[in-house]
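Data block below; observations after.
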Amino acid sequence: MNLDYTPDEIAFQQRMRAFFAANIDERLRALVRTGTRLEPREYVAYQQLLAAQGWGAPTWPTEYGGTGWTPTQYYIFEAESARADAPQQFHQGLELIGPVLFTYGSDAQKQKYLPRIISGEDWWCQGYSEPGAGSDLASLKTRAVRDGDHYVVTGQKIWTSYAHAASHMFCLVRTEIRPRRQEGISLLLIDMKSPGIRVRPILTLDERHHVNEVFLDEVRVPAEDLVGEEGKGWNYGKVLLDRERGLSAALGLRLGQYVRVVKSRAAAVRLGATTLLADPGFRDKLAQIEIEMLALEYMGLRTLADAVAGLDSGPRASMLKIRWSELIQRITELWVEALGYDAACFAPLDDATDLPADMPSPMASYLHARVTTIYGGANEVQRNIIARRSLGL
């Protein structure tokens with residue numbers, strides 16, 4: 001595995017660095033740097049900025065509007081984005097349903113939905129988890145009954161990120177009851193303006209509204225919005241979840257943003273004649289995290305090298321998800337430790353207009369990070385996947 005960049009890749013890196021330096025304003029940098037959850041309008045504006053450069057879908061094939069970048073170029077793009085404290089593109093449309101559509105969707109679905117994902121015109125949410133079906137997703141009970149040219153959908157989804165702002169939902173539903181629970185599940189594309197949909201907000205520990213309950217009461221969905229074959233939704237859903245977990249390779253690059261803020265804060269905290277950053281105990285904790293971050297980054301690079309070589313990375317997506325989720329919890333905990341009593345109070349930043357570069361907002365990030373070991377498949381489930389796929393247990 002050769003990790004050195006070629007001259008062309010170095011030129012590409014310089015181009016990305018110059019773009020982010022020139023186009024990301026300081027307020028947005030401050031929000032990203034301090035771990036503040038962005039609003040949909042901010043994600044959309046960023047998506048439109050990239051789309052104007054032809055970079056709206058970095059991982060997609062060119063025939064569907066993608067960049068045609070190599071995995072290494074995509075890695076450079078993400079690394080330079082993180083280095084500049086630019087946001088990460090909202091992934092539900094781009095990295096989850098988009099690739100499923102251009103792989104399994106009909107021509108009509110591709111023509112209708114893919115360009116609007118790239119342009120930011122459509123905002124997608126993920127209708128997977130239910131009150132009784134989270135990590136055990138095969139237990140889902142939301143039903144879809146065929147009625148002529150429509151499916152009639154009834155059920156409930158939960159923990160649906162940004163459903164209150166979404167224009168569409170990609171939703172796993174049960175179209176048939178079979179002995180094996182994974183069979184008889186289908187994937188539907190649902191217009192969130194359809195009659196019979198009700199969204200109820202859930203406020204999480206970080207005091208922000210980003211997840212919801214979604215109730216579907218006899219919602220009529222055109223049969224043309226069935227993805228692929230009826231009853232094959234579990235197969236498509238697994239592909240989508242593997243992509244979601246694999247995003248941790250890019251998310252791992254974002255951990256450095258937190259480390260930079262922690263170092264800055266710790267350098268300002270006085271401990272007698274020295275600083276918290278100079279304290280041996282604190283430095284040991286920070287150094288251990290940075291070492292493990294570097295290991296995570298190299299695991300991501302190995303995954304990219306496998307992709308370039310056309311090799312199957314096996315359960316590495318699950319490994320990346322576990323390590324990233326645990327590391328972000330430890331980093332945000334260290335950030336709270338660095339702020340001390342100042343971390344106990346935080347205010348919503350929805351209406352903030354003038355944020356200092358070192359705006360201390362670790363508590364919201366710390367509290368939100370508790371969920372990272374649960375969503376995308378709980379880490380306990382990921383360890384079972386690794387045991388089966390890698391160790392044959």
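Sequentially through region 179-196, phi angles give Karplus couplings (6.51, -1.76, 1.60; θ = phi - 60°) of x, 8, 4, 6, 8, x, 9, 10, 10, 10, 9, 10, 6, 5, 8, 5, x, x Hz, Gly and Pro residues having no value and appearing as x. Over all other residues within a Cβ to Cβ distance under 15 Å of Gly56, the charged ones net out to -4, with Lys and Arg as +1 and Asp and Glu as -1. Seen against the Cα atoms of the chain and their longest principal axis, helix 379-389 is set at about 70 degrees. The angle between the Cα long axis of helix 40-52 and the longest principal axis of the Cα atoms of the chain comes to about 90 degrees, rounded to the nearest 10.
Net charge in the neighbourhood of Cys171 (other residues with Cβ under 13 Å of its Cβ; Lys, Arg +1, Asp, Glu -1) is +1.
The spacing between region 127-187 and region 49-104, judged by their C-alpha centroids, is 27 Å.
The alpha-carbon of Lys285 sits under 19 angstrom from the alpha-carbons of these aspartates and glutamates, leaving out residues fewer than 8 places away in its chain: Glu297, Glu326, Glu333, Glu337. Between 0 and 90 degrees, rounded to the nearest ten: what's the tilt of helix 7-23 against the longest Cα principal axis of the chain? The angle comes out near 90 degrees.
Farthest towards the positive end of the charge dipole of region 124-231, among the residues Pro195, Leu205, Val153, is the Cα of Leu205, using unit charges on the Cβ of Lys, Arg, Asp and Glu. When shorter helices are ignored and each DSSP H run of at least 4 residues is given -39500 (n - 2.57), the per-residue value for the chain at 222 nm works out to -15000 deg cm²/dmol. Look at the Cα gyration tensor of region 124-231: its axes a ≥ b ≥ c give a/c of at least 1.5 with a/b at or below b/c, and that counts as oblate. Looking at region 30-97, none of the GluC sites (Glu not before Pro) sits in a DSSP loop with at most 14 other Cβ atoms within 10 Å of its own Cβ. Charges were assigned to the Cβ only: +1 to each Lys and Arg, -1 to each Asp and Glu. The resulting dipole of the chain about its Cα centre is roughly 700 debye. Shape analysis of region 7-119 places it in the oblate category; the axes a ≥ b ≥ c from the Cα gyration tensor give an a/c of at least 1.5, with a/b not above b/c.
Listed cross-link partners Lys157/Lys193; Lys110/Lys141; Lys112/Lys193; Lys141/Lys193 are compared with a 24 Å cut-off, the Cα-Cα value being larger for Lys110/Lys141.
The numbers here are math on the coordinates, done by the rules we state, and not lab data. Nothing here was measured: the structure is a model prediction, and the numbers come from that model. So basically every Cβ, Gly included, is an ideal-geometry build from the backbone, and we count neighbours across all protein chains shown.
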